[in-house]
Amino acid sequence: MQFKDKFSYKIFFLSFIFFSVITHSHVFLAGNDASRFAHIESLVDQGVSEIDASQYLWTRDKITINNRNYSNKPPLLGIIGAGVYWVLKQTFGISFKENEELVVYLLTLIIVGGLTSFLVTQFYCALGIYPNIKPEIRKLVTFALLSGTLLTSFSTTFNNHTIAAALIFSSFYYAWLGRGLLSGTFLGGAFCIDIVPGVVFIPIIALMFYDLKDTKKIKEFFVAIVIFVGLFIWANYFTVEHFLPPKFVSGGHDYSSAFSSNLFGVLLPESYLYPIQCLFGAHGFFTVSPILFFGVVGILKVYRQEMLFPKRWIGSLIGTCIFFIVGHIVFVGSFGGWSYGFRYLIPIIPILLFFVPAVLENKNIKFFKGLLATSILFALIGVYNPWPPGFEQDKGKNGIDELVMNPIAGNATAFFVEHMPNSSFTEKMVKTFISPDISKSDQFLMYYFYSKGNKEMTLKFMKLQKKFDSEK
């Protein structure tokens, strides 16, 4: 790490403490994290890559190949997780079978929370590139990254998007510093963990090294990329005995995309309005994290005024981000399934926020702080449940999970139901954001709390539903 002062270490420590408080210790019914835990459990406890003997076989994020079930995720993250789990099991004697919540918590905190803490620290260091940046601005924008976006919400659960964000931003940071091997290592790691952003950002970072006119650094960058491509292929072959990742193996049956139109296992949108909804609708990227508007304005200002970096670099970066965004909002449907916000765009959050200081002047700092307060609130609402039941555009949907089309309002309502159950305000929220029909709202809340592993609240609404049915 390029930790240049003692405060950098404090940032990492404080960030890690922050995530240790809010990290989840249960597996969500949405299936995404369950798929990854199934892979990890199977590798260590059963010594195999297939997940047929895993307690998480119920996940829909799986694929059947040659009559065997596998996680449909790129396998390297699961293999890394298995390594960490093996150490925990050998050292402390804990296991998924006997200590599920503790294992889930530690794996998520160490791998996901740890890498986001690393990202926040790298981000703070990178802001030093701004000449004469005020310490309070530097700390404020770093705090925004830590606590005020969708990145915060998903850093509490086992996923690949936040890890990709950390690795891609670190790749950019070391490219700016002219460190070819490190930049290529981080970007190659991102490719192995989250394929699309890993591939999309290779050209822009390669362009940066090309413009430096240093052959050695260019070679170092591509050598690292090639090594990680080899690691990617090995991980695939080790897992499914094929050079391609599980989702792309010919003849495989992918359960997560079997109910609707899809392209390479990815559900396609069903509405022409879908791209707008992905950015500004209830699930919208900018709706959930409104502070990112400052990042958009900032990167455009840096481009127009040729600040910090060559205009060609910033123009290419803007083009790459637009390509990345458009590709997802046009071709990736269902809002990412049960998800708080459009999670596929998480990898570009640190890049956008990096350009915020360019527009933080005295006249708009107060506005930034006000918007940041809203963003932090929305991020923490997302922390409550990053994988809430919601819209599904396929034939496998059950109708109840679709009662809530706004994940911010849905999560907030469930929070008040849990912590202020007898409040008239809570009652109004339930009727407004879930359903005025008590039977339907109770069904949804039972399903919601079951999906996030809250047994006490699940049993409460099961009893209410039985009581309602008996009184019919």
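Here, each number is a calculation from the coordinates, and none is a lab measurement. Note that the structure is a prediction, hence the values are computed from the model and not measured. Glycine gets a Cβ as well: all are built from the backbone with ideal geometry, and neighbour counts include every protein chain shown.
Some notes on this structure:
- Between 0 and 90°, nearest 10: helix 215-240 axis offset from the chain longest Cα axis: 20 degrees
- A straight Cα-to-Cα reach below 30 Å connects Lys6 with the lysines Lys134, Lys139, Lys217, Lys366, Lys369, residues fewer than 8 places away in its own chain not being considered.
- Order of Tyr9, Tyr255, Tyr448 - criterion: other Cβ atoms within 10 Å of each residue's Cβ, fewest first: Tyr9, Tyr255, Tyr448
- Extended-chain gain in nm, criterion 0.36 nm per residue less alpha-carbon gap, Phe309 and Val87: 75.6 nm
- Count of lysine pairs in region 400-470 with Cα separation under 19 Å (8 or more residues apart, or interchain): 13
- Selected from Thr108, Met420, Thr215, residue furthest toward positive end of dipole (the chain; charges at beta carbon): Thr215
- Extension gain for Ser20-His419 works out to 141.5 nm (0.36 nm per residue, less the C-alpha to C-alpha distance).
- Only one residue of Ile233, Asn32, Pro347 has its Cα farthest out toward the positive end of the dipole of the chain, where Lys and Arg carry +1 and Asp and Glu -1 on Cβ, and that residue is Pro347.
- Using Cβ point charges alone (K and R +1, D and E -1), the dipole size of the chain about the Cα centre works out to roughly 1300 debye.
- Computed from Cα atoms alone, the Kirkwood hydrodynamic radius reported for the chain is 23.1 Å.
- Alpha carbon convex hull of region 159-264, projected area averaged over orientations, nm²: 7.4 nm²
- Angle of helix 114-126 to the longest C-alpha principal axis of the chain, folded into 0 to 90 degrees and rounded to 10: 30°.
- Dipole orientation for the chain: of the candidates Phe191, Asn160, Phe16, Phe16 has the Cα lying most toward the positive pole (charges on Cβ; Lys, Arg +1; Asp, Glu -1).
- Chain lengthening between Glu98 and Trp58 when straightened (0.36 nm per residue, less Cα-Cα): 12.5 nm
- Size of charge dipole - region 400-470 - debye, nearest 20, with Cβ of Lys, Arg +1 and Asp, Glu -1, no other charges: 180 debye
- Look at where the Cα atoms of region 1-63 and of region 88-149 average out, and the two centres are 13 Å apart.
- Here the calculated FRET efficiency for Lys134 and Lys213, from their Cβ-Cβ distance with R0 = 41 Å, stands at 0.75, rounded to the nearest 0.05.
- All C-alpha pair distances within region 400-470, sorted into 10 Å bins from zero, spread as 22, 61, 17, 0 percent across the bins.
- Estimated distance in nm for a label pair at Leu244 and Met405, the labels positioned 7 Å out from Cα along Cα-to-Cβ: 3.6 nm
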